Structures are given as structure tokens and as C-alpha cells.
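For reference, the structure discussed in these notes is given below.
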Amino acid sequence: MTNDKKRIVIIGGGFAGVQCAGTLSRGLARDQAEVVLFNDENHLVFSPLLAEVVGSSLSPLDVVVPLRQLLPDVLCRTETVRTIDLAASEIEYESDDGEIQRLGYHHLVIACGSVTNLNVVPGMADHAFPLKTVGDAVALRSHIMAQMERAEVCPHPERRRWLLTFIVVGGGFSGAEAAGEINDLVRSSARYFKNFHREDVRVTLIHSREQILPEISPDLRDFAGKKMEKAGVSLVLNARVASATPEGVGLQGGQFIHGGTIVCTVGSAPSPVVGRLAAPTEKGRLLTEPDMRLRDSKNVWAIGDCALIVNAHDGQPSPTTGQFAERQGTQCAQNIIRVLQGQATRPFSFSKLGELCSIGGHSAVADLFGFHLSGFFAWFVWRGVYLFKLPSWAHRFQVGFDWAWLLLFPRDLAHVRARPTDRVSHAHYQPGDFIIRQNDPPLNFYVIEQGEVEVVRSSPRDQNGEVIAVLGPGSFFGEKALLSNEPRVASVRARTPVEVLVMGKNVFTQISSTLTPLRDALAQALNRRRVDVWKDEPQAYELLKRTPLKELMEPVPQPLLKPTAALAEVGHAFVEHGNEFFYVSSDGQTLDGVVTITDLLRARAAGAAAQTPTNQFMTANPVALAADDDCAVASNVIRECRLKALPVVERKDTRKLVGCIRVRRLLAYVFKHAVIGAPDSCQARNQLAGGAGRGMDWNNPAS
Ligand SMILES: Cc1cc2nc3c(=O)[nH]c(=O)nc-3n(C[C@H](O)[C@H](O)[C@H](O)COP(=O)(O)OP(=O)(O)OC[C@H]3O[C@@H](n4cnc5c(N)ncnc54)[C@H](O)[C@@H]3O)c2cc1C
């Protein structure tokens with residue numbers, strides 16, 4: 001980039017970010033500015049149509065538009081921005097390989113919307129479906145189809161009605177649209193099922209005020225409420241949900257509404273990148289100057305749902321709607337262009353065009369330029385307006401065609417489940433490749449055949465991630481998330497070239513439930529990995545993290561054995577040198593294996609002859625630490641592998657031996673330098689002892 005060329009970075013490819021990027025790329029020449037748009041998905045989501053996806057009126061692909069096709073002159077990056085460094089005018093983002101990178105900007109536009117927060121009501125996060133993303137809409141549609149299939153084969157009438165009861169919490173636009181769509185879908189589908197009828201279906205919309213749709217005028221609210229009730233939606237008004245359970249929702253006041261599906265359209269929180277920003281907010285929204293610049297900033301702007309912008313038109317804070325987000329995007333871009341051209345900026349000002357809401361049953365309410373419309377005509381207008389708001393002609397044709405099709409033919413009831421084919425396979429990874437990423441859904445179980453991996457956990461404080469363990473051949477990972485069916489809590493990255501055996505979820509479940517040794521090994525590993533041995537001794541763990549391994553490393557135990565050395569020779573070496581183990585190396589430098597007295601005795605018991613070479617009974621390619629690892633990693637690896645000592649190699653990618661680290665030295669160091677609590681609180685000591693101590697005296701660090 002030349003010195004004069006400015007970089008404008010936009011975080012968020014929603015309505016606000018896309019309008020801003022488009023206006024900037026049209027208003028500035030390429031040699032004047034580079035516009036970079038970060039969005040964690042590669043598409044814009046047209047959220048007003050998400051309820052149509054739930055109701056099977058539209059396909060999920062109809063409501064998304066690829067950003068790079070929409071914004072051909074903008075550099076679109078499908079990456080997540082983690083933090084904003086206002087002082088340095090830089091953002092930190094996570095690149096595809098998990099590395100944290102920085103990028104400088106001349107102007108930054110924060111347009112990252114908000115995220116769903118179901119924790120506002122106890123139990124809601126566990127039992128309710130949110131409706132914010134395309135994934136949410138697809139998951140909800142799939143669940144509704146599954147409920148109908150279950151109801152069809154359910155022999156108990158009461159249970160069947162429970163399966164066919166859908167509770168929608170929140171009577172705003174998204175709640176009313178979702179309730180209307182679900183009601184239409186399930187009732188119109190009843191004719192294809194033999195075991196339930198339209199009368200068994202119940203859709204309940206719970207709202208905290210006297211009427212639903214507070215955003216529109218009272219006469220339209222009244223119409224919407226009556227129309228929805230006539231179509232079969234029960235309205236529960238002036239009611240607040242106090243709890244959600246697998247059986248339904250409890251209301252403040254004690255009433256309980258039973259139902260097999262809860263959809264929650266209320267509750268939002270600031271996007272994490274906004275949460276981490278040290279800037280003034282109100283109710284989680286960034287406060288801005290009238291021209292949309294972040295308070296006290298010259299080159300950072302905030303627009304859309306994440307910002308609280310006062311509308312100069314009426315002096316009121318802008319509502320969180322797509323309509324306002326788009327206008328803010330356009331006007332913010334115009335202000336940035338004015339700044340680059342040395343002109344004065346203008347305050348945000350917009351007179352809203354109207355409100356539109358579809359309420360199901362081919363009916364809608366519309367307040368357009370002061371004209372109030374309702375019923376089928378309003379529904380027709382609603383569809384027309386949204387069709388032309390879609391950002392590309394391809395989408396307009398596609399959506400228009402799908403809608404026309406549904407006027408003539410029934411909704412599609414196919415219930416496609418994302419169940420990948422079961423598989424057992426082998427996979428190869430190069431150093432630095434991620435095998436599992438934190439927060440990924442659980443799909444596979446892995447056994448390391450060759451090489452080493454490191455387990456890395458990131459946190460909001462440490463985005464680069466902390467290496468918490470190193471695993472080598474014979475170790476396995478991925479079991480915890482599979483067994484609990486929860487997202488991965490840590491990433492696993494190849495440290496050396498790695499070969500892994502990959503087992504699909506179903507194969508893993510079948511084998512682990514029938515093969516007792518695997519089940520026992522899993523139970524032990526889960527127990528070992530679940531306990532945080534340093535929980536009660538954080539100062540000891542901090543000390544280990546600060547201490548480079550080199551500080552406690554001991555020389556490589558001598559002599560090094562050759563892989564060809566005969567069993568009898570190895571026996572002599574143990575007698576002569578009194579070692580507990582020897583490292584094996586063919587060139588006198590590279591670690592090929594380790595041999596212990598136990599290996600020797602086992603080989604003899606298995607009938608090995610005195611001439612049997614060492615490489616036939618040693619542990620080949622044992623897990624090794626690198627000299628630049630810290631002592632906290634060493635303590636975790638020692639515990640995981642249940643060893644008293646570990647080899648240390650020069651670097652992660654080489655196997656050149658440089659020393660060894662012993663558990664007794666590690667613990668003696670901790671006892672000497674960190675205040676370890678009273679004897680009964682020494683969980684870490686006992687846990688490590690359980691892992692690595694074979695007959696060690698923990699009261700005597702020198703043992
Ligand atoms: C179901 C539903 C129905 C709705 N119906 C209507 C309606 O009928 N009319 C109306 O006007 N409004 C409606 N809205 C509201 C409207 O969708 C929002 O007001 C609008 O989308 C806000 O636009 P935005 O650009 O601020 O944020 P969003 O559209 O939420 O876009 C923000 C984008 O930023 C991305 N992002 C966030 N953080 C990061 C990060 N750190 N790094 C990279 N990317 C990031 C997000 O993934 C997202 O793609 C509805 C909303 C929903 C959920």
C-alpha cells in the first residue's frame with residue numbers, strides 16, 4: 001500500500017457492514033483506499049426471511065448472499081476479529097491456521113451486530129431454540145419435522161399433543177413471524193400424517209405486553225393478534241417466562257405451559273469483540289457521536305445493532321432493525337469519504353419508511369409511509385418489498401420462484417439430517433496443522449499412531465492459546481466431547497508429522513460401549529483429564545508456566561544404547577550404571593526409543609532371546625518435550641503419560657536429544673519456590689503422584 005492509500009477495515013458483513021463497504025468501494029478510487037471486510041461467515045444473512053426457512057417456505061440458500069459476489073471490489077476475509085487495539089489502530093484476528101494476526105487500519109467500522117443470549121431466563125439456553133442465524137433456522141426446521149415424525153408413531157395421545165405443541169417466546173417481529181410460519185407448516189402438513197390431526201397441533205406465542213408487535217400501530221397490532229388467534233395461534237399476553245425445562249416453560253405467577261418445542265426470540269448480548277473493547281456502552285451498545293464516530297475517537301466508527309446512534313431526525317436512539325442498519329452503513333461510508341476529502345461530517349438522520357410483518361396464513365400487517373395495510377394485500381406487498389430488498393437479481397428470481405411454487409404446491413416435508421457416513425480412516429497432518437479446533441462440534445475420536453500433538457486451549461485473555469499437554473503414539477483424544485456431545489473445549493495441533501486413526505462418532509460409540517478395555521481406558525482418561533490438579537495451587541502452576549524447561553533439565557542419561565544392542569547387553573548396562581531407563585539412538589543424537597527395566601523383564605517373560613535387538617522391545621518414538629516448552633507443559637505430560645521422566649529434544653520438529661526432565665526435580669522445585677498449602681490440600685501433589693509416582697515418597701522431594 002502506498003503512503004497515501006488508506007486502509008478501511010469493516011468488522012461484520014451484516015446489513016450495516018455490507019452497505020458501508022459497498023458505498024465506500026463505489027465512492028473511492030482503488031488507489032485511494034483499500035476496503036477490507038471481516039465476517040466470520042462468507043455470506044450476508046437476510047434475517048427477516050429466517051422464519052420462512054423455519055416454515056419450509058424457503059430454502060436456507062435463498063436467504064444468504066455470498067459477500068464476495070455482492071462486493072466484488074472489496075477484500076472480503078472470512079475470519080473472526082478477536083480484539084481491537086484502539087491505541088495502536090490495529091485489529092487482532094484469528095487466521096485459518098489458528099494463528100493470531102494483526103492488521104493496521106486508517107479507519108475502522110465496527111458493524112458486528114449482537115449475539116443471542118438465552119441466559120436471561122433459567123433453563124432457556126439448555127432447552128430453547130434461538131432464531132438468529134441460518135444454522136438456527138435449519139436446526140429448528142429439522143426439529144419440527146422430527147417432532148411431527150415422532151408424533152406420528154407415538155401411541156399415547158397426551159404425549160402426542162405435547163410433541164405437537166410449539167411455544168414461541170417473544171411477540172416482536174421475529175417471534176410473530178416464527179409462530180405464524182410454524183403454525184402454517186405443522187397444520188398444513190397434518191393431512192400427510194395418519195396418526196395426528198390439525199386439532200392436535202398447538203402453537204403458543206408468549207408476550208410480555210398487552211398486545212404483540214409493539215413496533216407497529218395499535219390498530220395493526222389488534223388486527224395481527226386477532227388474525228393469528230383465528231389461524232390457531234394461542235396468545236399468552238402480559239406474561240413473562242420465568243423458567244424453561246425439557247417439559248415446557250414456567251411463567252412468573254406459577255402457570256406452566258407444557259410443550260415439546262420452545263423457540264426463544266428474545267435476549268441478546270454484545271458481540272464478544274465489542275464486549276472486550278474499552279469504550280463507553282449503554283445496554284451493551286457502543287455509544288457514538290452524532291456522526292457515528294465512536295465516542296472520543298477520530299477514526300473508529302460504530303453502526304448497526306452494536307451501536308447506539310441518536311437519530312437527528314427525531315432525537316431518539318435508532319432501533320435495532322435492518323432498515324436502520326442499512327442507512328447507517330450508507331451514511332457512515334459517506335462520512336468517512338468526507339473525512340478523507342477534508343470535509344465536515346454529518347449527523348445520522350433517517351425518517352423510517354414503515355414496518356412490515358408477516359403473521360402466517362398468507363396475511364401480514366404493513367405500515368408504509370403512514371398507510372396501514374393488513375391481510376392478504378399487505379402480505380402481497382410484504383413479499384414484493386422483501387423481494388426487491390434482496391441484494392441480487394439471482395436471489396430475487398430464486399425466492400420469487402420458491403414463493404410462487406408454494407402458492408400452488410405443498411411445503412416440502414423432507415427431514416434431512418446431517419449424519420456423516422461412519423468411517424474409520426487414517427489421516428496425516430503436518431506440524432502446525434489443526435486436527436481439532438476449540439468449539440468445533442464433536443464428530444470423531446482419534447488415536448495417535450505416529451508423531452506428537454499438542455493440546456491448546458485459548459481463552460478471551462489468551463487468544464494465542466496455552467499448550468496444556470503433549471500426546472504421543474498410543475494416546476487418544478476427542479473422547480470427552482463425543483461422550484458429552486458438547487463442542488470441543490480445546491484445540492489439538494500437530495507438533496511433528498502425525499499419523500492418526502480417525503473413528504467416526506457412531507463407530508466410536510459402538511466400540512466403546514462393547515469393548516471393556518477401551519471403556520476402562522476412556523473412563524481413566526476422562527477422570528485424569530477432568531481433574532485440574534493445580535486448581536488449589538494456582539501459584540505453583542504459575543511458577544511452572546514461568547519456568548523454562550531448560551532450567552530444570554538434567555543431562556541425557558548415559559550411555560545411549562543402539563537399537564541393535566542385544567537384550568543381554570542391555571541387561572548388563574542396567575546392572576553396571578544403575579539407571580532406571582536408557583534412551584536409544586542409532587546415530588548417538590536422535591531419539592529413537594526408550595527402554596526401561598520393565599520393558600526388559602517383559603521381553604524376557606515373552607521368551608525373547610539374549611540376542612534379541614533392543615528395537616524389538618523398546619518403546620519406539622516416545623513422547624518428548626522440546627527445550628523451549630515450559631515446566632507446566634512438562635507437569636501435564638508427565639501426568640498424562642504416567643511417567644517419572646521425559647526426554648527433552650532440541651526443537652519440536654527434531655528429535656535431537658538434549659536432556660531429560662524428572663518428576664522429582666520438578667516437584668522439589670515447586671516445593672522450594674511456591675507456597676504449597678497444608679498437607680490435606682495438596683491435591684496437585686497427590687494427583688501427580690497418582691499419575692507418575694511409582695513408589696515415590698512425596699514427603700521427601702529428594703526421593
Ligand atoms: C429472525 C429475525 C428477524 C428479523 N426481522 C426483521 C425485520 O423484519 N425487519 C427489520 O428491519 N429487522 C429485522 N431483524 C433485525 C435485523 O436483522 C438486524 O437489525 C440487522 O441484521 C442488524 O444488522 P447489523 O449489520 O448491525 O448486524 P448483523 O446483521 O447481525 O451482522 C453482523 C455480522 O457481523 C459478524 N460478526 C460479528 N462479530 C464478528 C467478528 N468479531 N468478526 C467477524 N465477523 C463478526 C456476524 O457474524 C454477522 O454476520 C430481524 C432479526 C432476526 C434475527
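Read-outs: derived from the displayed coordinates by stated rules, not from any lab. In this text the structure is predicted, and so the values were computed from the model without any measurement. Heads up, the Cβs are rebuilt from the backbone with ideal geometry, glycines too, and the neighbour counts pull from every protein chain shown.
Results, tabulated for the structure shown:
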read-out: For segment 123-131, Karplus couplings with θ = phi - 60° (6.51, -1.76, 1.60), whole Hz, Gly/Pro x; value: x, 5, 4, 7, 10, 10, 8, x, 9
read-out: In order through segment 432-448: 3J(HN,Hα) via Karplus (6.51 cos²θ - 1.76 cosθ + 1.60), integer Hz, x for Gly, Pro; value: x, 5, 8, 8, 9, 10, 3, 6, 5, x, x, 10, 9, 10, 10, 10, 7
read-out: Burial ranking of peptide ranges 332-344, 465-477 (average Cβ count within 10 Å, highest at the top); value: 465-477, 332-344
read-out: Rel. contact order, % - alpha carbon contacts under 8 angstrom, at least six apart, the chain; value: 10 percent
read-out: Projected label distance in nm at residue 415 and residue 524, using a 7 Å step from Cα toward the beta-carbon; value: 4.2 nm
read-out: Sequence-distant residues sharing a close amide H with residue 268 (under 5 Å, placed H); value: 117
read-out: Difference of contour (0.36 nm per residue) and Cα-Cα distance, residue 298 to residue 501; value: 67.7 nm
read-out: Span from the segment 237-260 Cα centroid across to the segment 191-231 one, whole angstrom; value: 17 Å
read-out: For segment 312-369: span of alpha carbons on each principal axis (Å, largest first); value: 53, 20, 18
read-out: Mean shadow area of segment 509-641 over all directions, Cα convex hull, nm²; value: 11.0 nm²
read-out: Added length on full extension, which subtracts the Cα-Cα distance from 0.36 nm per residue, residue 388 to residue 153; value: 80.3 nm
read-out: Convex hull projection area averaged over all views, segment 341-380, Cα basis, nm²; value: 4.4 nm²
read-out: Hz values of 3J(HN,Hα) by residue in segment 576-586 - Karplus curve (6.51, -1.76, 1.60), Gly and Pro given as x; value: 5, 9, x, 6, 8, 7, 10, 8, 10, 8, 7
read-out: Highest average packing first - 665-672, 619-626, 172-179, 586-593, Cβ atoms within 10 Å; value: 172-179, 619-626, 665-672, 586-593
read-out: Cut-off under 5 Å, modelled amide H: who pairs with residue 458 long-range; value: 466, 491
read-out: Sequence ranges 377-388, 214-225, ranked by mean other-Cβ count within 10 angstrom, highest first; value: 214-225, 377-388
read-out: Size descriptor, Kirkwood hydrodynamic radius, that averages inverse alpha-carbon separations across the chain, Å; value: 29.7 Å
read-out: Net length gained if the chain between residue 278 and residue 572 were fully extended (0.36 nm per residue, minus Cα distance); value: 99.2 nm
read-out: MRE, 222 nm, helices only [DSSP H, n ≥ 4, -39500 (n - 2.57), over the chain, to nearest 500]; value: -10000 deg cm²/dmol
read-out: Amide N of segment 656-673 lying under 18 Å from the label point, which is placed 7 angstrom from the Cα of residue 554 along Cα→Cβ; value: 657-672
read-out: Angle between the chain longest axis and helix 663-673 axis [Cα atoms, degrees, rounded to 10]; value: 70 degrees
read-out: Cα centroid separation, segment 94-141 to segment 464-498 (Å); value: 24 Å
read-out: Given 226/389; 226/352; 550/644; 132/505; 562/656, the pairs whose alpha carbons are separated by over 19 Å; value: 226/389; 226/352; 132/505
